[in-house]
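The next block holds one structure in the form of structure tokens; read it before the comments.
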Amino acid sequence: DTAFGGSFDVTARYSFADRRLFEPFSGPGFSSLPGYGSDVARRGQNFVGSATHILSPTLLNDTRIGFNRVSASVFPEEGGAVNRSVGLPELWANARDAGLSLITVSGYSPLGHEYNNPQSGTTNTIQVADTLTWTRGSHLVKAGFDARMVRQHAFRDVQARGTLTFTGAFTGSPLVDLLSGLPTFTTLARLDNPQRLRTESYAAFVQDTWQWSPTLTLS
């Protein structure tokens, strides 16, 4: 907070938050064995600056500029088995998708990395706002605008490693189906889905507060 004379004040603030979280188990439906967890990262940054200027005894202007960035990602735990170690093909095209396909055998814990990962995204928001306040007699008039621009860059490689499910549909035993290489069904997504999203919003207002009498105010 800095004051320049008696009619111009400037305020600036920067905030930073950083989190590194390791989830050793991804939850129900995924592996309950160690080695196939998720690394979850989140970082937030925020900057806001404002300037308040007394233009005259009846005129005040307030300008605000804000920037907000939030980045979040989920990546498979490194070091777990990969497809080639168990004789499965590695069909992904991007190295970030490496890992073990989720193998589900009815009656046993699934084995492999969570199929929703990896994913990562960064969202930037820029805001510019201004409010002009004018007093005249029994009137207090405010007018201003608010502009916001949002930009998001992200990728979400869902099903990039694929899944294999063994239910015993062929031999009557899910485990025998696994040993025989007879999955009931498999899934795989080959994708390249970078997200570059854009949106903007603009708003303006005019407000008059009129002290019509000592007991009645109209807005």
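Points to keep in mind about this one:
- Along region 62-75 the Karplus relation, 6.51 cos²θ - 1.76 cosθ + 1.60 evaluated at θ = phi - 60°, assigns HN-Hα couplings of 10, 10, 10, 10, x, 9, 9, 10, 10, 10, 9, 8, 9, 10 Hz to successive residues, with x for each Gly and Pro.
- Positive-end ranking of T209, V70, G27 along the dipole of the chain, with charges on Cβ about the Cα centre, is headed by T209.
- Of all DSSP beta bridges confined to the chain, the antiparallel ones make up roughly 95%.
- Stokes-Einstein translational diffusion, region 68-155 - Kirkwood Rh over all Cα pairs, 0.692 mPa s, 37 °C, in µm²/s: 184
- Rounded to the nearest 20 debye, the dipole size of region 88-219 about its Cα centre is 340 debye, using +1 on the Cβ of Lys and Arg and -1 on the Cβ of Asp and Glu.
- In terms of packing, defined here as the mean over residues of other Cβ atoms within 10 angstrom, the peptides 160-166, 145-151 line up highest first as 160-166, 145-151.
- Using the Karplus relation 6.51 cos²θ - 1.76 cosθ + 1.60 with θ = phi - 60°, the per-residue 3J(HN,Hα) values for region 103-117 come to 10, 10, 10, 3, x, 10, 5, x, 10, x, 7, 4, 7, 7, 10 Hz, with x marking Gly and Pro.
- Here the sum of -39500 (n - 2.57) over DSSP H runs of 4 or more residues, divided by the residues of the chain, equals -1000 deg cm²/dmol at 222 nm, to the nearest 500.
- Student exercise, region 19-154 dipole from Lys, Arg, Asp, Glu Cβ charges, in Debye to nearest 20: 580
- Take every pair of alpha-carbon atoms less than 8 Å apart whose residues are at least six positions apart; their mean separation over the length of region 75-204 yields a relative contact order of 25 percent.
- Surface exposure of region 1-155, expressed per residue as accessible area with a 1.4 Å probe, stands at 57 Å².
- With the cut-off at under 20 Å, measuring from each backbone N in region 7-22 to a point 7 Å along the Cα-to-Cβ line of H153 picks out 17-19.
- Computed over the chain, Kirkwood Rh from alpha-carbon pairs, angstrom: 22.3
- Per-residue HN-Hα couplings for region 175-184 [Karplus 6.51, -1.76, 1.60; θ = phi - 60°; Hz; x = Gly/Pro]: 5, 5, 4, 4, 5, 8, x, 10, x, 5
The values are calculated or read from the model by the stated rules, or taken from the named source; none is laboratory data. Keep in mind it's a predicted model, so treat the numbers as computed, not measured. Neighbour counts are summed over all protein chains in view; Cβ atoms, including those assigned to glycine, are modelled from backbone coordinates with ideal geometry. Note: accessible area is taken over every heavy atom of the protein model, side chains too, but ligands, DNA and RNA are not part of it. Shrake-Rupley method; radii C 1.70, N 1.55, O 1.52, S 1.80 Å.
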